[in-house]
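In what follows, a single structure is set out as structure tokens and then discussed.
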């Protein structure tokens with residue numbers, strides 16, 4: 001069980017994923033009236049062993065609200081306040097979680113259009129879900145990837161994760177990674193994950209941000225992402241690491257400006 005769960009209380013959930021309830025929080029622009037007003041909403045996706053309360057997720061939520069854009073941030077299964085066991089977490093069930101949140105957002109009458117933004121593993125999930133939804137009339141208008149961790153596939157093939165090592169040809173039932181049990185199912189799936197093939201199906205606007213001093217996910221993975229998209233912009237930040245904390249103002253400002261411009265360039269999806 002995830003350490004996030006030790007002190008958790010029984011709660012009610014409006015959204016459910018493959019491992020149970022998904023904890024989510026909506027941030028609306030100041031003075032917004034759900035019954036009268038309408039605005040776009042960005043679905044924010046955190047990274048591996050993170051949660052909706054950790055930078056850059058809440059910072060993006062506040063900055064977007066300041067520009068008239070709503071957001072929903074949520075905890076993937078077995079993270080934060082969501083249900084589930086970490087050992088059973090996989091990329092495919094995180095994609096299913098994100099799609100459940102997407103379906104929920106689509107049901108909100110005050111949401112006029114939808115965008116995705118994800119950091120690290122959340123970026124992989126956001127990119128793949130956007131590609132999966134490409135042929136849907138409800139597909140997201142725009143996509144922001146922050147240090148997207150496509151390296152997870154190569155790491156799984158090499159038998160390593162955050163300093164932990166294992167036999168990639170015959171992974172154990174689980175691998176201890178920073179007090180968490182990373183399951184064999186995650187590893188086996190990651191080894192065959194069509195990250196770029198699925199993500200590249202998306203034809204909307206894409207913003208990619210990556211630090212040039214990222215030691216966890218080399219920025220070359222974002223360069224490859226940029227090459228897979230039809231309409232993308234790549235921002236490589238000198239001296240920045242994986243968690244994008246040294247240049248917070250630039251990172252948050254770039255994402256918010258991209259989202260605002262993208263939403264302004266398309267007609268509202270709902271009347």
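Each reported figure results from applying straightforward, stated rules to the coordinates on display, with no laboratory input. Here the structure is a predicted model, which means the values were calculated and not measured. Note that each Cβ is placed from the backbone with ideal geometry, even for glycine, and that neighbours are counted across all protein chains shown.
Computed quantities for the displayed model
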item: Residue-averaged 222 nm ellipticity for the chain, from DSSP H runs of 4+ at -39500 (n - 2.57), nearest 500; result: -9500 deg cm²/dmol
item: Top of 103, 75, 88 by mean-square fluctuation, Gaussian network on the chain, Cα under 10 Å; result: 103
item: Alpha carbon centroid spacing (whole Å) that separates segment 18-42 from segment 54-126; result: 11 Å
item: Modelled FRET efficiency - R0 35 Å, residue 188 with residue 25, Cβ distances, 0.05 increments; result: 0.60
item: GNM flexibility winner over the chain from 134, 238, 94 (Cα, springs under 10 Å); result: 238
item: Among 154, 37, 97: highest mean-square fluctuation, GNM of the chain, C-alpha pairs under 10 Å; result: 37
item: Simple label model, 7 Å out from Cα along Cβ direction - residue 179 to residue 154, nm; result: 3.0 nm
item: Residue exposure sequence - 26, 72 - by fewest surrounding Cβ within 10 Å; result: 26, 72
item: Calculated FRET value between residue 265 and residue 108, using beta carbons and R₀ = 25 Å, to 0.05; result: 0.70
item: Burial ordering of 206, 175, fewest other beta-carbon atoms within 10 Å first; result: 175, 206
item: Once the Cα gyration tensor of the chain is diagonalised, semi-axes √(5λ) in Å; result: 28, 22, 17
item: Fewest-first ranking of 243, 74, using other Cβ atoms within 10 Å as the exposure measure; result: 243, 74
item: Mean Cα-pair separation over length for the chain, i.e. relative contact order, pairs under 8 Å, 6 or more apart, %; result: 18 percent
item: Computed label-point distance, nm, for sites residue 216 and residue 88 using a 7 Å Cα→Cβ extension; result: 2.5 nm
item: R0 of 41 Å, Cβ-Cβ distance residue 14-residue 135: FRET efficiency to nearest 0.05; result: 0.90
item: Approximate spin-label separation residue 224-residue 162, in nm, with each point projected 7 Å along Cα-to-Cβ; result: 2.2 nm
